[in-house]
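The values are calculated or read from the model by the stated rules, or taken from the named source; none is laboratory data. These numbers come from a predicted model, not from an experiment. Here Cβ is always computed from backbone atoms with ideal geometry, including for glycine, and neighbour counts include all displayed protein chains.
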Amino acid sequence: MYTFDVTIPVLNEALTLERQVRILHAFLRAHFAAAEQWRIVIADNGSMDNTFDIASKLSQELPELVVVKVPRRGVGLALKTSWGQSDADIVGYMDLDLATGLSHFLDAYNALAHQGYDLVYATRLHPQARVIGRTLKREVTSRVFNWLLRRYLGVRFSDGMCGFKFLRRDVYPQLHEQGARNDGWFFSTELLTVGEWLSLKIKELPVTWTDDVSSSRVKIIPLAKRYLQDMYRLKQLKPTPAKKL
């Protein structure tokens, strides 16, 4: 039996936190009967509303729920803080909006626990993926960003931005040491990029993904500028192939 932590990074999510966490909790309890096998970790990275209070109250009711207080904002920082404290066999994260269909978690778990994969990522850009309700603007932005990743960093994965990734915890120290260190959203992309550099066994998981436009706070232009800077910094860490004698 492999243990796992599902981390949900949150920022000012008081309105939807309890409902979404209860949905995820019910799903995991229905499919993994042993309570000691899994945890949901709410990583609060700088909320100014009562998100932390709601999460703390829920943790008193649900023994499988843990709350982590992160000192400042940053999705990457929230994940690094959570995973750094974990002793589970498998760690990973999904967004609070549960945009990726929960049934795909079972695919991710089986790939890591039984099929020999090191890292699993959801993709919305695979021909077999099903994307519901996504605006043309966000679709084009995502495709352009991932095209840039492939061209500039020379990676092969199709979707570096999707908020649904899981990995064996024992490979995380390598990923961090070799460059997966960003405190922001780009950390998600770093995991896959460095994973390829290390020749880890990575599974691409085409998913059903439902866009929750009402909950999106992403500002595309500032985010794009930051991603380009992060891509440049990450490329400086790419190992140089040894020259053949």
- Item | Subset of segment 104-126 that is among the polar types (S, T, N, Q) and in contact (Cβ under 8 Å) with a residue 40 or more places away in the chain - its residue that is surrounded by the most Cβ atoms within 10 Å (Cβ to Cβ) | 123
- Note on the structure: Looking across segment 33-62 at residues that are at pLDDT 95 or above and farther than 23 Å from residue 15 by Cβ, the single one that is farthest from the chain's Cα centre (by Cα) is 37
- Query: If you go through segment 48-72, how many residues are over 22 Å from residue 28 (Cα atoms), surrounded by fewer than 18 Cβ atoms within 10 Å (Cβ to Cβ) and touching a strand residue (DSSP E or B) at 6+ places or on another chain (Cβ under 9 Å)?
  - Reply: 1
- Among residues of segment 3-25, those that are surrounded by 22 or more Cβ atoms within 10 Å (Cβ to Cβ), over 30 Å from residue 114 (Cα atoms) and not hydrophobic (A, V, I, L, M, F, W, C), counted: 1
- Of the numbered conditions (1) within 16 Å of the chain's Cα centre (by Cα); (2) within 16 Å of residue 185 (Cα to Cα), residue 70 fails exactly one; give the number of that condition. (1)
- Query: Is there a residue being free of Cβ contacts under 8 Å to residues at least 24 places away in the same chain, surrounded by 14 or more Cβ atoms within 10 Å (Cβ to Cβ) and within 16 Å of residue 190 (Cβ to Cβ) anywhere in segment 131-146?
  - Reply: yes
- Under 9 Å between Cβ atoms, at least 6 apart or on separate chains: pull out the pairs that start in segment 75-96 with a residue that is under 14 Å from residue 170 (Cβ atoms) and end on any residue that is among the polar types (S, T, N, Q) and crowded, with 21+ Cβ neighbours inside 10 Å. 83/7; 86/7; 91/7; 91/82; 92/7
- Query: Quick one: is residue 93 touching a Pro at 6+ places or on another chain (Cβ under 8 Å) and at pLDDT 95 or above?
  - Reply: yes
